[in-house]
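Participant: Below is a structure I'd like to ask you about.
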Amino acid sequence: MPRNPGGFRDPRTEPEPSRNEAVRITDVQVLSSNWYVLRKVTFDYRRSDGTWSRQHREAYDRGNGATVLLHDASRGTVLLTRQFRLPAYVNGHPDGMLIEAPAGLLDGEHPEAAIRREVEEETGVRIGKVRPVFDVFMSPGSVTERLHFFAAPYTRDTRASEGGGLASEGEDIQVLELPFSEALRKIDSGEIIDAKTILLLQWADRHGILKRT
């Protein structure tokens with residue numbers, strides 16, 4: 001069944017309470033629902049000079065997600081993943097293999113519960129308490145997703161399995177344990193170019209979560 005993760009209302013049958021008096025959504029059309037949902041939204045927007053303009057935008061709705069920086073302060077390491085990303089590959093990345101923090105969609109779960117599930121699926125680690133960091137719209141010009149960022153400690157003893165993701169979903173995920181300083185250097189060298197991962201590593205550096213070596 002096609003997903004409807006964002007719960008868009010059809011303004012013709014379910015008018016949405018206005019949260020912004022300068023915006024009036026007049027029509028929503030589903031363009032594609034093969035996996036996630038692509039919608040064309042027509043709305044009237046009141047400009048700063050008081051005039052109204054009719055605008056059309058497409059919004060890709062894949063639901064909200066969560067991501068986490070797994071860190072071992074005693075050894076100064078972080079646990080990341082490496083996997084193939086088709087959009088990066090078709091946009092010129094040499095092999096499409098990206099180094100990333102574990103992440104995934106909520107699929108109706110609370111963000112903390114979802115990230116625990118994703119971490120165990122991807123890395124084999126069972127995490128306990130997680131620390132909320134911030135929430136970010138990753139590409140607000142075209143994608144509705146709000147991503148919940150967390151940080152959580154891990155140790156070698158919390159590794160319950162090899163991880164690797166779910167083969168049933170086509171996942172083939174490598175688990176990478178890196179010294180924190182090396183992960184930061186990979187940002188400078190262009191080896192880490194995933195936005196959520198860069199944000200988490202720079203947050204950890206700025207707040208002294210791990211020491212550089």
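Participant: How large are Rg and Dmax for the stretch 65-206 when only the alpha carbon atoms are used, in Å?
Facilitator: Spelled out, the Cα radius of gyration and Dmax of the stretch 65-206 are 14.3, 42 Å.
Participant: Can you grab the distance from the C-alpha centre of the stretch 142-163 to the C-alpha centre of the stretch 79-110, Å, no decimals?
Facilitator: Here the two parts' Cα centres lie 13 Å apart.
Participant: Count the DSSP beta bridges whose two residues both fall in the chain, then state the antiparallel fraction as a percent rounded to the nearest 5. Mind showing how you got there, number by number?
Facilitator: Values: 41 of 49 bridges.
Antiparallel: roughly 85 percent of the beta bridges in the chain.
Participant: Viscosity 1.002 mPa s, temperature 20 °C: give me the Stokes-Einstein translational D for the stretch 64-129 in µm²/s, with Rh taken as the Kirkwood radius over C-alpha pairs.
Facilitator: 165
Participant: Below 13 angstrom from the Cβ of ASP188, what's the summed charge of the other residues (Lys, Arg +1; Asp, Glu -1)?
Facilitator: On the way: positive: ARG185, LYS186, ARG212; negative: GLU182, GLU191, ASP205.
Within the 13 Å Cβ shell, the charges total 0.
Participant: While we're on this one: Under a crude label model (7 Å from the Cα following the beta-carbon direction), how far is PHE84 from SER48 in nanometres?
Facilitator: Here the answer is 4.7 nm between the modelled labels.
Participant: For every helix of n ≥ 4 consecutive DSSP H residues, a contribution of -39,500 (n - 2.57) applies; sum these over the chain, divide by its total residues, and give [θ] at 222 nm rounded to the nearest 500 deg cm²/dmol.
Facilitator: Computed ellipticity for the chain at 222 nm equals -5500 deg cm²/dmol.
Participant: Can you tell me the 0 to 90 degree angle between the C-alpha axis of helix 180-189 and the longest principal axis of the chain, rounded to 10?
Facilitator: Value to nearest ten degrees: 50.
Participant: For the chain, take the longest principal axis of its alpha carbons; what is the angle in degrees between that and the long axis of helix 111-123, to the nearest 10 within 0 to 90?
Facilitator: Tilt relative to the chain: about 50 degrees.
Participant: Note the angle between two axes, namely the Cα long axis of helix 195-206 and the longest principal axis of the Cα atoms of the chain, as a number of degrees from 0 to 90, rounded to the nearest 10.
Facilitator: It is inclined by approximately 60 degrees.
Participant: Same structure again: For a Förster distance of 30 Å, can you work out the FRET efficiency between the beta-carbons of VAL23 and PHE134, rounded to the nearest 0.05? Write down the numbers at each step before the final one.
Facilitator: Numbers: r = 25 Å, r/R0 = 0.84.
Calculated transfer efficiency: 0.75.
Values in this text are rule-based calculations from the coordinates and carry no lab data. Just so it is clear, the structure is predicted and the values come from calculations on it, not from any experiment. Glycine gets a Cβ as well: all are built from the backbone with ideal geometry, and neighbour counts include every protein chain shown.
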